[in-house]
Amino acid sequence: EISADGTSTASVDGSLKGAPKDHQNKRELHEQPKPAIQINEDYVDAPKDRGNEREVDEEPEPPIQTDEDYDDDIPDVEFEDFEDDDISLSTTPTLKYGTAWKAERTASLVRQAIHSGFRHIDTACQPKHYNEAGVGEGWKQAALDLDMEREDFWIQTKFTSLSGQDPNKVPYDKNAKLSDQVRQSVAKSLQNLQTTYIDSLVMHGMEDSWEKNFEVYNTMEEFVDSGIVKQIGVSNCYDPDAVKYLYENVRIKPAVVQNRFYADTGHDKEIREFCRMHDIEYQSFWTLTANPHAWRNDDVRRLAAEKELSPEDLFYAFVMELGISPLDGTTDEEHMAEDMALMKRFRSGEKIFGSKDEMDLIARKLGLSMTAT
């Protein structure tokens, strides 16, 4: 059993002692029509570079560097520690370290990312795409290296439905009822991450009915009630009406929407505006990979050079200026350092973009208008 808060205990078999009973929303009282369910398969069969935002399929044109020559065997290195400046972990937007597709390298890369300055880590209880236990090993080792505590890190994980799991590596009882699968998944995450609490728990994707969506979400609310989870949210939800409907019909409001940032959804303009109005953090994945045309061009290269940034980091600065927190899954130590140097500049209050015209240079490549981004 894993102690969660001194009074409640979650065990790996999924039982949760001391937690309130299911808080079922009286959905029958809400008369607005339910939006149609749009199942997005990103988390089911995600491309290999999902989350690895600096690893793109195509070989970039010079002078952009790639991570393709990164050594699979990460050597022992002397880490150059990042000065944190006591910035609150709740301050957004921020670059979050994405851990998808890192397999056996996860622990070493998470350790390196923390030494480079990352304090926010994203993972999932989905062995098909994530090594969640490696995240636990990585942050624990980095904490020992740097004399840090669990409270110095912000860790986000996800509940992934059966349809998104490898049938041979399901981290919960596939025959259990859905709410118990959520409980078992959270218990497994606590064990994997070597922690007594989770900063952020996210639905990895929408279910195929609103009844199931609410069953998952209501069960996640239990963990907020017990103090085991600090906040909850949703991912891979691209219908603005669905985001609004969920928000209006749950007791504990979502604190996070995490989506792919790409042209097919109009870069989630309407969802991002809803998030801004309701103090929801919008997190993006595939930020670089889905938008190479917006940062891999001569105009952006020239502007990035003027700002003493790489084109990738200039694009990260652009989306953070829009209020977006990107997932950054680089496996390159130099890129990690560059990305954290950008974070320091951004957090210091420096205006990376000196004018609306500079922002427009990138916005136009995305088909966005700076008057309505």
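Within segment 349-373, can you find the residues that are closer than 13 Å to Ala317 by Cα and assigned to a loop (DSSP other than H, G, I, E, B)?
Matches in segment 349-373: Gly349, Glu350, Lys351, Ile352, Phe353, Gly354.
Tell me, which residue of segment 277-309 that is over 23 Å from the mean Cα position of the chain (by Cα) and without any contact (Cβ under 8 Å) to a residue 12 or more places away in the chain is least open to solvent (accessible area, probe 1.4 Å)?
Per the criteria, the residue is Ala304.
Would you be able to tell me the number of residues in segment 273-309 that are in a loop (DSSP other than H, G, I, E, B), hydroxyl-bearing (Ser, Thr, Tyr) and more than 14 Å from Ala363 (Cα to Cα)? If you could, list the steps in order and put the result at the bottom.
Applying the first criterion (in a loop (DSSP other than H, G, I, E, B)) to segment 273-309 yields 278-280, 286-291, 296-297, 307-309.
Remaining after also requiring hydroxyl-bearing (Ser, Thr, Tyr): 287, 289.
From what's left, more than 14 Å from Ala363 (Cα to Cα): 289.
Going through segment 273-309 one residue at a time, the tally reaches 1.
Would you pick out the residues in segment 198-230 that are open to solvent by less than 30 Å² (accessible area, probe 1.4 Å), out of contact with any helix residue (DSSP H, G or I) (no Cβ under 6 Å at 6 or more places or on another chain) and of a type outside the set (A, V, I, L, M, F, W, C)?
Across segment 198-230, the qualifying residues are Asp199, Ser200, Ser209, Asn213, Tyr217, Asn218, Glu221, Glu222, Ser226, Gly227.
Mind listing whichever residues of segment 261-271 are open to solvent by 20 Å² or more (accessible area, probe 1.4 Å) and either of a type in the set (Asp, Glu) or closer than 17 Å to Phe318 by Cβ (or both)? Talk me through it step by step, then tell me what you get.
Filtering segment 261-271 down to residues open to solvent by 20 Å² or more (accessible area, probe 1.4 Å) leaves 262-266, 269-270.
Selection gives Tyr262, Ala263, Asp264, Gly266, Lys269, Glu270.
Go through the residues of segment 95-109 one by one and say whether even a single one is more than 24 Å from Ala255 (Cα to Cα), at pLDDT below 75 and open to solvent by 10 Å² or more (accessible area, probe 1.4 Å). Please lay out each step first, then the result.
Filtering segment 95-109 down to residues more than 24 Å from Ala255 (Cα to Cα) leaves 101-109.
Those still in the list that are at pLDDT below 75 too: none.
The answer is no, given that none of the residues of segment 95-109 is more than 24 Å from Ala255 (Cα to Cα), at pLDDT below 75 and open to solvent by 10 Å² or more (accessible area, probe 1.4 Å).
Is it true that some residue in segment 350-365 is open to solvent by 30 Å² or more (accessible area, probe 1.4 Å), at pLDDT below 95, touching a helix residue (DSSP H, G or I) at 6+ places or on another chain (Cβ under 8 Å) and of a type outside the set (A, V, I, L, M)?
Scanning segment 350-365 turns up at least one residue that is open to solvent by 30 Å² or more (accessible area, probe 1.4 Å), at pLDDT below 95, touching a helix residue (DSSP H, G or I) at 6+ places or on another chain (Cβ under 8 Å) and of a type outside the set (A, V, I, L, M).
Restricting the search to segment 310-337, which residues are touching a helix residue (DSSP H, G or I) at 6+ places or on another chain (Cβ under 8 Å), surrounded by fewer than 21 Cβ atoms within 10 Å (Cβ to Cβ) and more than 21 Å from Gln258 (Cα to Cα)?
Glu333, Ala337
Are any of the residues in segment 216-236 without any contact (Cβ under 8 Å) to a residue 60 or more places away in the chain and out of contact with any strand residue (DSSP E or B) (no Cβ under 8 Å at 6 or more places or on another chain)? Please lay out each step first, then the result.
Our first condition is that a residue be without any contact (Cβ under 8 Å) to a residue 60 or more places away in the chain; within segment 216-236, this holds for 216-217, 224, 229-234.
Cutting the leftovers down to out of contact with any strand residue (DSSP E or B) (no Cβ under 8 Å at 6 or more places or on another chain) gives us none.
No, every residue in segment 216-236 fails to be without any contact (Cβ under 8 Å) to a residue 60 or more places away in the chain and out of contact with any strand residue (DSSP E or B) (no Cβ under 8 Å at 6 or more places or on another chain).
Out of segment 240-252, which residues are buried (at least 18 other Cβ atoms within 10 Å of the Cβ) and assigned to a loop (DSSP other than H, G, I, E, B)?
Answer for segment 240-252, where residues must be buried (at least 18 other Cβ atoms within 10 Å of the Cβ) and assigned to a loop (DSSP other than H, G, I, E, B): Asn249, Val250.
Can you report the number of residues in segment 173-191 which are farther than 22 Å from Asp225 by Cα and of a type outside the set (Asp, Glu)? Working first, answer last.
Of segment 173-191, the ones farther than 22 Å from Asp225 by Cα are 173-176.
Then keep just the ones that are of a type outside the set (Asp, Glu); that gives 174-176.
Final tally of qualifying residues: 3.
Out of Glu270, Glu312, I need the residue that is touching a His at 6+ places or on another chain (Cβ under 8 Å) and either in a helix (DSSP H, G or I) or over 18 Å from Leu366 (Cβ atoms) (or both). Which one? Can you show your working first?
Working: Glu270 fails: touching a His at 6+ places or on another chain (Cβ under 8 Å).
Sole residue among the options that is touching a His at 6+ places or on another chain (Cβ under 8 Å) and either in a helix (DSSP H, G or I) or over 18 Å from Leu366 (Cβ atoms) (or both): Glu312.
Kindly list the number of the only condition in (1) more than 18 Å from the chain's Cα centre (by Cα); (2) open to solvent by 10 Å² or more (accessible area, probe 1.4 Å) that fails for Asn131.
The failed condition is (1).
List, please: which pairs have Cβ atoms under 8 Å, are six or more places apart or on different chains, and start with a residue in segment 118-131 that is under 23 Å from Ala341 (Cα atoms) and end with one that is of a type in the set (A, V, I, L, M) and open to solvent by 10 Å² or more (accessible area, probe 1.4 Å)?
Between residues of segment 118-131 that are under 23 Å from Ala341 (Cα atoms) and residues that are of a type in the set (A, V, I, L, M) and open to solvent by 10 Å² or more (accessible area, probe 1.4 Å), the close pairs are Arg119/Leu89; His120/Leu89.
Out of segment 149-193, which residues are closer than 25 Å to Ile114 by Cα and without any contact (Cβ under 8 Å) to a residue 24 or more places away in the chain?
The answer is Glu149, Glu151.
The values are calculated or read from the model by the stated rules, or taken from the named source; none is laboratory data. None of the values given here were measured: they were computed from a predicted structure. Virtual Cβ from ideal backbone geometry, glycine too; neighbours counted across all protein chains shown. With ligands, DNA and RNA removed, areas are computed over all heavy atoms of the protein, side chains included. Shrake-Rupley method; radii C 1.70, N 1.55, O 1.52, S 1.80 Å.
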